[in-house]
1. Is it possible to state the helix-based mean residue ellipticity at 222 nm for the chain, with each DSSP H run of 4+ residues giving -39500 (n - 2.57), the sum divided by total residues, to the nearest 500 deg cm²/dmol? What is it?
2. Lysines near LYS129 by alpha-carbon distance under 20 Å, same-chain residues fewer than 8 away left out - which ones?
3. How charged is the neighbourhood of CYS71? Take every other residue with its Cβ under 12 Å from the Cβ of CYS71, and add Lys/Arg as +1 and Asp/Glu as -1.
4. Which of VAL118, VAL139, VAL87 moves most in a GNM of the chain, Cα contacts under 10 Å?
5. Please compute the contact order of the chain in relative form: average sequence separation of alpha-carbon pairs under 8 Å and at least six residues apart, divided by the residue count, as a percent.
6. With a sphere of radius 10 Å drawn around the Cβ of ARG29, what net charge do the other residues whose Cβ falls strictly inside it have (Lys, Arg +1; Asp, Glu -1)?
7. Which percent, to the nearest 5, of DSSP beta bridges fully inside the range 87-159 are antiparallel?
8. Which chymotrypsin sites (Phe, Trp or Tyr not before Pro) in the range 82-159 pass both tests, a DSSP loop state and at most 12 other beta-carbon atoms within 10 Å?
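Here, each number is a calculation from the coordinates, and none is a lab measurement. On a predicted model such as this, the values are computed, not experimentally measured, just so you know. Don't worry about glycine lacking a Cβ; one is built from the backbone with ideal geometry, like all the others, and counts go over all protein chains shown.
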Amino acid sequence: MKEIVFQYQVLENESALSLEDAQLLLKARAATAKAYAPYSKFHVGAVALLNNGETIEGTNQENASYPVGICAERVLLSAVSSLYNGVAIKTMAISCHNLNGQSNNPVSPCGICRQSLVEQTLRQQQPIKLILSGMEGVVYVLEDAASLLPLRFTADDMK
């Protein structure tokens, strides 16, 4: 039998983060206000710090014709590719604001976003640090976004 080990930090709140990471998380929390989520009322904001020092954000965008919407993480990855092609993402902070309930649990990327994050780490040949949170409370920190999808499908599988 084989075992997959998954490690991440659990912090009581954003005050335990470095200044740079805390600022990124605050930007992700603020970005949730720009989400278009009239159906689920679940607003997600994602902000990336690029290797060149620039930051860029993305928010989830819903559509009445489910499942046509797109998650904040993939909006962000598309924007980075379009606006800063070839510049690697150093860190990504993701936050949620649930207008129907609590927003004090870390939000985690969905399956398709996990696959997209793996693809991005392979493209840029560098891990992406993830900071996951709600609008308050516990914060999860992962040193490599690819660790969210241990049995991943990649281009190597098509060779």
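1. Working: 3 runs with 39 residues, N = 159.
Theoretical 222 nm ellipticity from helices: -8000 deg cm²/dmol.
2. Once the sequence-local lysines are set aside, what remains near LYS129 is LYS27, LYS90.
3. On the way: positive: ARG74, ARG114; negative: GLU62, GLU73.
That works out to 0.
4. It is VAL87.
5. On the way: 325 pairs, mean separation 39.1, N = 159.
Reported relative contact order: 25 percent.
6. Working: positive: LYS27; negative: GLU14, GLU136.
Neighbourhood net charge equals -1.
7. Numbers: 4 of 9 bridges.
Approximately 45 percent, going by the DSSP bridge assignments.
8. Working: sites: TYR84, TYR140, PHE153; in loops: TYR84, PHE153.
In loop regions of the range 82-159 (DSSP not H, G, I, E or B), the sparsely surrounded chymotrypsin sites (Phe, Trp or Tyr not before Pro) are PHE153.
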